[in-house]
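Asks: Can you read through this structure? Questions will come right after.
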Amino acid sequence: MFEQLKEWDRELFIYLNGLGIERLDSFWIFITQEENWIPLYLIFIILIFLAYKKKQAFIVLIGFLCSFLVTFGITRFIKASVARVRPNNVESLQEVIRILQEPTYYSFVSGHTSTSIAITTFMVLILRHRYKWVYLFYLWPILFATSRVYVGVHYPSDLAAGAFVGVIIAIIIYKICKKMLARGDREFDEL
């Protein structure tokens with residue numbers, strides 16, 4: 001059964017990667033590079049300080065940073081434990097797929113997907129009561145994750161597992177952050 005799932009994952013990857021259009025390569029390479037998303041991170045930070053009072057905003061900012069750092073660390077641990085070779089490094093695939101990047105570290109789970117989903121989910125949970133349109137931020141991890149198949153470095157299951165990891169971590173950090181905010185509110189009231 002597990003081998004059949006791996007084969008379906010491989011076939012789906014080959015199909016999706018093969019949908020790539022050469023004239024869009026530069027767009028997807030731009031999308032997949034983390035540093036190009038720095039303006040979005042700055043928007044997230046600004047929204048935090050617009051939505052919360054100063055002391056509360058710092059608690060939320062710590063949650064924001066933790067959602068990234070914890071997810072990044074757990075993702076690295078999973079990658080090292082599973083040690084799945086990226087599709088761009090599988091010799092039998094190199095002739096049948098489009099390879100636009102050539103990272104050598106392991107594939108499972110996708111760090112791009114897990115961290116972007118974790119950050120976005122945390123931001124949606126923490127801001128949804130103030131900004132109804134905050135759900136639009138999910139376009140970022142969708143594009144980010146899609147780019148990883150397009151450039152030839154992740155299987156679909158890497159993305160699905162990365163999204164699962166990111167959502168779980170974001171929910172846990174949100175609940176911790178919410179408790180800290182509630183405790184902080186009580187302390188502010190006592191002053």
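Asks: Are there any helices (runs of 4 or more DSSP H) wholly within the range 82-191 with 3 or more residues that are at pLDDT below 95 and either charged (D, E, K, R) or open to solvent by 40 Å² or more (accessible area, probe 1.4 Å) (or both), and if so which?
Replies: Values: elements: 111-127, 139-150, 156-190.
Passing ranges, in order: 139-150, 156-190.
Asks: For the range 59-81, give me each residue that is within 15 Å of the chain's Cα centre (by Cα), buried (at least 18 other Cβ atoms within 10 Å of the Cβ) and not β-branched (Val, Ile, Thr).
Replies: Within the range 59-81, 64, 66, 67, 68, 79 meet the criteria.
Asks: Restricting to the range 103-124, what's the tally of residues that are more than 15 Å from the chain's Cα centre (by Cα) and in contact (Cβ under 8 Å) with a residue 40 or more places away in the chain? First the steps, then the outcome.
Replies: If we filter the range 103-124 for residues that are more than 15 Å from the chain's Cα centre (by Cα), which is where we start, we get 103-106.
Of the ones still in play, those that are also in contact (Cβ under 8 Å) with a residue 40 or more places away in the chain are 103.
Qualifying residue count, the range 103-124: 1.
Asks: Of all residues in the range 22-42, which are of a type in the set (A, V, I, L, M, F, W, C) and either at pLDDT 95 or above or surrounded by fewer than 13 Cβ atoms within 10 Å (Cβ to Cβ) (or both)? Quick ask: steps written out before the conclusion?
Replies: Pass one, the range 22-42, residues of a type in the set (A, V, I, L, M, F, W, C): 24, 27-31, 37-38, 40, 42.
Result: 24, 30, 38, 42.
Asks: Considering each of 14, 31, 21 in turn, give the residue that is hydrophobic (A, V, I, L, M, F, W, C) and free of Cβ contacts under 8 Å to residues at least 24 places away in the same chain.
Replies: Numbers: 14 fails: free of Cβ contacts under 8 Å to residues at least 24 places away in the same chain; 31 fails: free of Cβ contacts under 8 Å to residues at least 24 places away in the same chain.
On inspection, the qualifying residue turns out to be 21.
Asks: Tally the residues that are free of Cβ contacts under 8 Å to residues at least 60 places away in the same chain and hydroxyl-bearing (Ser, Thr, Tyr), restricting the search to the range 128-145.
Replies: So the count comes out to 2.
Asks: Further question on the same structure: Among the residues of the range 46-58 satisfying the criterion of being of a type outside the set (Phe, Trp, Tyr) and open to solvent by less than 50 Å² (accessible area, probe 1.4 Å), which is nearest to residue 183 (Cα to Cα)? Full working, then the answer.
Replies: The initial filter retains those residues of the range 46-58 that are of a type outside the set (Phe, Trp, Tyr), namely 46-48, 50-51, 53-57.
Filter again for open to solvent by less than 50 Å² (accessible area, probe 1.4 Å), leaving 47-48, 51, 56-57.
Values: 47: 22, 48: 18, 51: 18, 56: 10, 57: 14 Å.
Applying the filter and picking the extreme gives 56.
The values are calculated or read from the model by the stated rules, or taken from the named source; none is laboratory data. Not measured: the values here are computed from a predicted model. Every residue, glycine as well, gets a Cβ built from its backbone with ideal geometry; the counts of neighbours run over all protein chains shown. Each accessible area value is taken on the protein alone, full model and side chains, heavy atoms only, with ligands, DNA and RNA left out. Shrake-Rupley method; radii C 1.70, N 1.55, O 1.52, S 1.80 Å.
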